[in-house]
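The values are calculated or read from the model by the stated rules, or taken from the named source; none is laboratory data. Remember, it's a predicted structure, so these values are computed and weren't measured experimentally. Glycine gets a Cβ as well: all are built from the backbone with ideal geometry, and neighbour counts include every protein chain shown.
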């Protein structure tokens with residue numbers, strides 16, 4: 001009786017301790033974001049006097065100024081445009097290639113495939129220098145197309161790998177049936193293979209969307225014209241110009257962070273799957 | 001017929017191979033070629049200097065090695081503190097727990113944010129110019145006013161502050177991988193050990209650790225590669241491309257290219273850094289292989 005009481009109390013107190021630890025870390029994760037959002041509703045006068053997480057008065061003016069006068073509306077749309085274009089590009093180009101690597105025979109197939117895989121492993125920290133020169137030569141620097149093509153390349157290897165692994169495990173019966181019905185190779189890819197690879201496509205889409213939305217270095221060296229910059233670079237330029245206008249900066253940061261948090265919360269199943277799968281493969 | 005078939009197959013991989021060749025392979029070789037030249041990026045003439053760039057990097061460039069040391073220090077903290085925290089949290093979540101999914105979702109929010117956003121938000125929390133930031137206020141509030149200072153401007157605390165913010169952003173990722181690893185360990189092993197009278201520590205030492213070694217090595221390699229190359233977080237935190245006391249190799253490469261217009265030198269720095277990275281991950285990999293055989 002006494003010993004069972006002892007074990008029960010011990011078990012409960014261990015559980016309480018573990019939850020306290022986990023909750024403390026969770027609060028540490030969330031606090032900076034809540035602080036950012038709260039500060040974006042304060043004014044330059046109240047930001048240092050009102051240190052509550054819920055401001056006494058909500059000033060939506062910061063968002064108005066950020067979007068209208070500081071052009072964050074345009075940067076936001078730029079980011080959306082780049083993200084959507086790059087993700088569509090990657091899905092089409094990488095699924096075509098992955099399907100061929102998985103199903104077809106052609107000379108040099110393995111060499112090409114291992115080339116893509118090697119690109120995943122070898123870090124080249126100075127590659128942005130060469131990309132800058134290359135885009136200059138092609139007259140693609142400071143153009144959205146140049147940035148989009150560079151970013152498609154960044155996501156290509158991993159996406160091909162994920163899709164090829166999936167196609168390898170996919171049963172071929174449906175494709176055979178389609179072929180007997182007279183479907184072309186391209187038709188089979190589009191009507192059979194792509195619709196069946198939904199779950200892995202979701203992983204590819206989410207990861208590349210995160211990567212493009214958060215990308216910084218290539219956007220920094222490629223764009224000179226402010227009007228075509230994505231959010232991440234615009235934020236840094238903004239910080240340089242309005243170094244002390246914190247409420248406005250926090251509004252800009254909120255505009256950049258909230259869409260990605262929403263995308264994450266909606267698609268978190270696929271993100272968690274992708275991280276753990278990617279780790280197992282690596 | 002056969003030729004037509006092969007051509008059709010090539011059409012599937014052609015877009016991928018074209019983009020990859022133009023935007024990966026060509027720049028890759030250019031980096032190696034340009035590393036041997038002195039070039040400002042604009043003039044049509046490049047001056048061949050052989051290995052002079054590399055000599056300068058290795059023997060004269062103090063700020064380069066300083067930046068290497070900085071990245072090394074941040075990496076060391078990420079390897080120990082961040083990964084230990086991630087492992088502890090994963091162990092805590094691995095039990096049968098109702099809120100497991102809640103924690104998993106929350107812990108992975110920092111890793112999905114951009115380094116620029118994280119840097120700027122934390123910069124505001126710890127380093128705003130007027131000194132009225134929330135961390136200093138808390139320190140004063142709990143009676144430690146002597147600790148309140150400009151964390152990122154003080155050379156003594158700047159780098160460690162960067163490292164802590166980096167850990168905040170990164171631990172959720174290690175946590176997810178560790179948790180996935182822990183969940184592949186069959187529960188029967190623990191039950192059998194318990195029947196044999198093994199206590200929690202013995203179970204951890206005898207079952208969890210040995211089975212987790214490959215996962216730990218993987219996370220360690222990826223942590224080193226990721227942290228050594230991190231730089232946007234520092235731009236966000238200190239608000240400039242140079243990084244001041246907290247400069248790291250990628251920022252030095254960027255400075256050589258944009259600041260002093262020495263494209264060849266920037267490429268040589270990139271190669272030096274790439275070689276160091278490959279060497280480190282190779283050594284880590286060899287260590288893990290040795291560990292397996294013993």
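Before moving on, here are some points about what is shown:
- When residues in segment A:150-187 are screened for being farther than 19 Å from residue A:117 by Cα and at the interface with chain B (Cβ under 9 Å from one of its Cβ atoms), 3 of them pass.
- Subset of segment B:116-128 that is more than 7 Å from every other protein chain (Cβ to nearest Cβ) and modelled with pLDDT of 90 or more - its residue that is farthest from residue A:22 (Cα to Cα): B:119
- Any hit, segment A:128-143, residues being free of Cβ contacts under 8 Å to residues at least 24 places away in the same chain, touching a helix residue (DSSP H, G or I) at 6+ places or on another chain (Cβ under 8 Å), assigned to a helix (DSSP H, G or I) and surrounded by fewer than 16 Cβ atoms within 10 Å (Cβ to Cβ): no
- Those residues of segment B:241-265 which are assigned to a helix (DSSP H, G or I) and free of Cβ contacts under 8 Å to residues at least 24 places away in the same chain, in sequence order: B:250, B:253, B:254, B:255, B:256, B:258, B:259
- Condition check for residue A:105: farther than 25 Å from residue A:223 by Cβ, within 12 Å of another protein chain (Cβ to nearest Cβ) and surrounded by fewer than 19 Cβ atoms within 10 Å (Cβ to Cβ): yes
- Some residue of segment B:260-278 being at positive phi and more than 8 Å from chain A (Cβ to nearest Cβ): yes
For every residue, the table says whether it meets (1) facing chain B (nearest Cβ under 7 Å); (2) buried (at least 20 other Cβ atoms within 10 Å of the Cβ).
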{"residue": "A:200", "(1), (2)": "no, yes"}
{"residue": "A:230", "(1), (2)": "no, yes"}
{"residue": "A:239", "(1), (2)": "yes, yes"}
{"residue": "A:246", "(1), (2)": "yes, yes"}
{"residue": "A:256", "(1), (2)": "yes, yes"}
{"residue": "A:276", "(1), (2)": "yes, no"}
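Residue-wise test of (1) at pLDDT 85 or above; (2) within 30 Å of residue B:76 (Cβ to Cβ).
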{"position": "B:151", "(1), (2)": "no, yes"}
{"position": "B:159", "(1), (2)": "yes, yes"}
{"position": "B:170", "(1), (2)": "yes, yes"}
{"position": "B:182", "(1), (2)": "yes, yes"}
{"position": "B:192", "(1), (2)": "yes, no"}
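- Residues considered: B:237, B:254. Of these, the only one that is crowded, with 19+ Cβ neighbours inside 10 Å and either in contact with a strand residue (DSSP E or B) (Cβ under 6 Å, 6 or more places away or on another chain) or at pLDDT below 90 (or both) is B:237.
- Number of the condition not met by residue B:71 [criteria: (1) modelled with pLDDT of 90 or more; (2) more than 11 Å from chain A (Cβ to nearest Cβ); (3) closer than 19 Å to residue B:255 by Cβ; (4) in contact with a helix residue (DSSP H, G or I) (Cβ under 6 Å, 6 or more places away or on another chain)]: (2)
- Within segment B:42-53, one or more residues are away from chain A (no Cβ under 13 Å), over 23 Å from the mean Cα position of the chain (by Cα) and part of a helix (DSSP H, G or I).
- Residue count for segment B:147-171, restricted to those that are farther than 19 Å from residue B:72 by Cα and within 14 Å of chain A (Cβ to nearest Cβ): 1.
- Residues located in segment B:16-46, provided they are modelled with pLDDT under 85 and within 15 Å of residue A:128 (Cα to Cα): B:41
- Subset of segment A:26-52 (residues that are in contact (Cβ under 8 Å) with a residue 24 or more places away in the chain and in a helix (DSSP H, G or I)): A:33, A:36, A:37, A:39, A:40
- Single residue of segment B:130-146 satisfying the filter (under 23 Å from residue A:25 (Cα atoms) and more than 14 Å from chain A (Cβ to nearest Cβ)) that is surrounded by the fewest Cβ atoms within 10 Å (Cβ to Cβ): B:142
- Consider segment B:88-104 and keep the residues that are crowded, with 17+ Cβ neighbours inside 10 Å and farther than 20 Å from residue B:223 by Cα. The one that is farthest from the other protein chains (Cβ to nearest Cβ) is B:93.
- Any hit, segment A:64-87, residues being in a helix (DSSP H, G or I), within 19 Å of the chain's Cα centre (by Cα) and over 21 Å from residue B:115 (Cα atoms): yes
- Filtered residues of segment B:238-251 (kept if more than 10 Å from chain A (Cβ to nearest Cβ) and over 16 Å from the mean Cα position of the chain (by Cα)): B:238, B:242, B:243, B:244, B:245
- Verdict on residue A:23 being out of contact with any helix residue (DSSP H, G or I) (no Cβ under 7 Å at 6 or more places or on another chain), assigned to a helix (DSSP H, G or I) and within 14 Å of chain B (Cβ to nearest Cβ): yes
- Against the criterion of being surrounded by 14 or more Cβ atoms within 10 Å (Cβ to Cβ), within 12 Å of chain A (Cβ to nearest Cβ) and in contact with a helix residue (DSSP H, G or I) (Cβ under 7 Å, 6 or more places away or on another chain), residue B:85 qualifies.
- Test: residue in segment A:188-195 that is within 30 Å of residue A:220 (Cα to Cα) and more than 9 Å from chain B (Cβ to nearest Cβ): no
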